[in-house]
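> The following block contains the structure, expressed as structure tokens.
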């Protein structure tokens, strides 16, 4: 019940296309859903995050869509660029008493020029 | 840079060696974390320190020994490791408050190879 399932494992998109990465969870107590971006040789960095009281959050070309009833959330990268090529991790946590971040298994994105 | 530094960046050690990984955060945070990142696996939380006190140990083998002398520094002492312990070890920090969300800031990691 503590798992966060992420798909696909890898994704290849042409420059200018839309990249979509999906995550699903079981624990309805999760109330914070961040996405992290990791480039080779670097640690993960927070990209964008959402709370379950909104269904969508947009920051530039990055959008999180959240479906509370389906217990799913996804990252959309519009107008994908070669510089977006990285590994993306979704995560979930419970604010307040527990601060553990439960990470998905990661998606390796390659954006072709 | 994220404000979290880790040294060394790369480490090769034999199974009988003893070595230590160091993490330092310059963000004024009160919580620090060790994660293990292996190929094709989710990030695995190893240890959590809150105000220098260990609050979580995710069934990590005793050959990994954490130390947190103050809220800015975190060490991971390694001894008699196994080849399967080869991985990227990531340190993170966050500001833990009762009503806050857990935004963690990661260091660049130490790439460990156990021969």
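> Test residue A:64 against the criterion of being under 10 Å from the mean Cα position of the chain (by Cα) and either more than 30 Å from residue B:23 (Cα to Cα) or not in a strand (DSSP E or B) (or both), and give yes or no.
On the way: under 10 Å from the mean Cα position of the chain (by Cα): yes; either more than 30 Å from residue B:23 (Cα to Cα) or not in a strand (DSSP E or B) (or both): yes.
It is true that residue A:64 is under 10 Å from the mean Cα position of the chain (by Cα) and either more than 30 Å from residue B:23 (Cα to Cα) or not in a strand (DSSP E or B) (or both).
> Let me ask something else about it. When you look at residue A:57, is it surrounded by 15 or more Cβ atoms within 10 Å (Cβ to Cβ) and not in a loop (DSSP other than H, G, I, E, B), yes or no?
Working: surrounded by 15 or more Cβ atoms within 10 Å (Cβ to Cβ): yes; not in a loop (DSSP other than H, G, I, E, B): yes.
Yes.
> Considering only segment B:42-91, how many residues are within 19 Å of residue A:91 (Cα to Cα), at pLDDT below 95 and either outside any loop (DSSP other than H, G, I, E, B) or more than 12 Å from the chain's Cα centre (by Cα) (or both)? Outline the logic, then answer.
Filtering segment B:42-91 down to residues within 19 Å of residue A:91 (Cα to Cα) leaves B:42-48, B:56, B:58, B:88-91.
Checking the rest, the ones that are also at pLDDT below 95 come to B:42-48, B:56, B:58.
Imposing the further condition that a residue be either outside any loop (DSSP other than H, G, I, E, B) or more than 12 Å from the chain's Cα centre (by Cα) (or both) reduces the set to B:42, B:44-48, B:56, B:58.
Total meeting the criteria: 8.
> Testing residue A:40 on (1) under 30 Å from residue B:6 (Cα atoms); (2) within 10 Å of chain B (Cβ to nearest Cβ), one condition comes back false. Which one is that?
Against the list (1) under 30 Å from residue B:6 (Cα atoms); (2) within 10 Å of chain B (Cβ to nearest Cβ), residue A:40 comes up short only on (2).
> Right, next: For segment B:1-33, name all the residues that are within 12 Å of chain A (Cβ to nearest Cβ), under 24 Å from residue B:59 (Cα atoms) and part of a strand (DSSP E or B).
Scanning segment B:1-33 gives B:6, B:23, B:31, B:32, B:33.
> Given the conditions (1) within 13 Å of chain B (Cβ to nearest Cβ); (2) under 25 Å from residue B:41 (Cβ atoms), and given that residue A:52 satisfies all but one, which numbered condition is not satisfied?
In the conditions (1) within 13 Å of chain B (Cβ to nearest Cβ); (2) under 25 Å from residue B:41 (Cβ atoms), residue A:52 misses (2) alone.
> Still on this structure, I have one more. Among the residues of segment A:10-33, are any within 11 Å of another protein chain (Cβ to nearest Cβ), at pLDDT 95 or above and exposed (fewer than 13 other Cβ atoms within 10 Å of the Cβ)?
Among the residues of segment A:10-33, at least one is within 11 Å of another protein chain (Cβ to nearest Cβ), at pLDDT 95 or above and exposed (fewer than 13 other Cβ atoms within 10 Å of the Cβ), which makes the answer yes.
> Being over 23 Å from residue B:113 (Cα atoms), out of contact with any strand residue (DSSP E or B) (no Cβ under 9 Å at 6 or more places or on another chain) and within 14 Å of another protein chain (Cβ to nearest Cβ) is the filter; apply it to segment B:56-98 and report the residue that is surrounded by the most Cβ atoms within 10 Å (Cβ to Cβ).
Of everything passing the filter in segment B:56-98, B:97 is surrounded by the most Cβ atoms within 10 Å (Cβ to Cβ).
> Please verify whether residue A:2 is in contact (Cβ under 8 Å) with a residue 12 or more places away in the chain and part of a strand (DSSP E or B), treating the condition exactly as stated. Break it down stepwise before answering.
On the way: in contact (Cβ under 8 Å) with a residue 12 or more places away in the chain: yes; part of a strand (DSSP E or B): no.
Spelling it out, it is not the case that residue A:2 is in contact (Cβ under 8 Å) with a residue 12 or more places away in the chain and part of a strand (DSSP E or B).
The values are calculated or read from the model by the stated rules, or taken from the named source; none is laboratory data. The structure displayed is predicted, hence computed values, not measured ones. Virtual Cβ from ideal backbone geometry, glycine too; neighbours counted across all protein chains shown.
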